[in-house]
Amino acid sequence: MRMSQLIGKRFKERPAGVALEGQALLLRGGYVRQAGNGLYALLPPGVRLARKIEAIIRRELDAAGYQEIALPLSAPPEMWDETRQTQPPPDSIRFRDGARQEWVLGASGNAATVAVLRNELQSHAQLPGAVYAFRDEIRGSAQSGSGLVRAREGRVAEACAFHSGAAALDAWFEAMTGACENILAECGLP
């Protein structure tokens, strides 16, 4: 598709009121648009870029022995008991469904990962094991701020590993470190 046919305007000048250089470039290039305070929409070039970055992350984590799972967007607050956290983060968005059951929206995937894999990993013979998931995250107002990195909503990749001992943990940590270094290098980041 030709650039002239893409939805989204491109600008020669830096947008007013944008402090961060990367954010200014994404706005100028027609990759993102601010939809509200702390909210950003990806335009077609931004969607393509996000998919390419996800593909790089997937390839590197798969090569490091991680397996991809998909997690729900919401979870019951009881899930945090299993991760030794007493409750979801205080700035989590909570709601009740039609049956009046309480849910937490878009909080960390670690609690959901533990709850799901608790029944899948039954023996030490299945360890070590490592999983990752891409998910949409909603950040509470205490965490959100200006710019794309601190936006109220975002797409994140989370990884979780399960080990039977310190040696296995060290080996997986090294594998994850190598994967992260490869991801950054392929994206052209130091």
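Select from the stretch 1-68 those trypsin sites (Lys or Arg not before Pro) which occupy a DSSP coil region and have at most 14 other Cβ atoms within 10 Å, ordered by residue number.
Loop-located and lightly packed - R2, K9, R10, K12.
Have a look at Y132, I56, A24 and report the one farthest towards the positive end of the charge dipole of the chain, computed about the Cα centre with Cβ charges (Lys/Arg +1, Asp/Glu -1).
A24
Taking the 0 to 90 degree range and rounding to the nearest ten, how far is the long axis of helix 44-63 tilted relative to the main principal axis of the chain, both from C-alpha atoms?
Computed tilt is about 30 degrees.
Mind pulling the angle between the C-alpha long axis of helix 166-186 and the longest principal axis of the chain? Nearest 10 degrees, somewhere in 0 to 90.
Approximately 10 degrees, to the nearest ten.
Name the long-range amide H neighbours of E137: under 5 Å, sequence gap of 5 or more, or other chain; modelled H, no Pro or chain starts.
Those lying under 5 Å, H to H, from E137 are G154, R155, V156.
Can you run phi through the Karplus equation (6.51, -1.76, 1.60; θ = phi - 60°) for the stretch 22-39 and list ³J(HN,Hα) in whole Hz, with x for Gly and Pro?
x, 5, 4, 5, 5, 5, 4, x, x, 8, 9, 9, 6, 9, x, 5, x, 10
Can you give me the long-range amide H partners of L43? Hydrogens built in the peptide plane at 1.01 Å from N, cutoff under 5 Å, separation of 5 or more residues or another chain.
For L43, the qualifying residues are V32, R33.
Taking the Cα centre of the chain as origin, sum charge times position over the Cβ atoms of Lys and Arg (+1) and Asp and Glu (-1), and report the length of that vector in debye to the nearest 20.
With Lys and Arg at +1 and Asp and Glu at -1, about 1240 debye.
Answer with a single label: of (1) 22.9; (2) 19.1; (3) 17.8, which was calculated as Kirkwood radius over Cα pairs in Å from the structure in view?
(2)
For n ≥ 4 DSSP H runs only, could you compute -39500 (n - 2.57) per run for the chain, divide by its residues and tell me the 222 nm figure to the nearest 500?
-10000 deg cm²/dmol
Using DSSP to define loop residues, name the GluC sites (Glu not before Pro) in the stretch 1-64 whose beta-carbon has at most 16 other beta-carbon atoms within 10 Å.
Within the stretch 1-64, the qualifying GluC sites (Glu not before Pro) (loop, at most 16 other Cβ atoms within 10 Å) are E13.
Which whole-Hz ³J(HN,Hα) couplings does the stretch 96-102 yield from phi under the Karplus relation 6.51 cos²θ - 1.76 cosθ + 1.60, θ = phi - 60°, glycine and proline marked x?
Working through the residues one at a time gives 10, 7, x, 8, 6, 7, 7 Hz.
Throughout, read-outs are computed from the coordinates displayed, never taken from laboratory work. Worth saying up front: this structure is predicted, and the values here are computed from it rather than measured. Cβ: placed from backbone, ideal geometry, glycine included. Neighbour counts: every protein chain shown.
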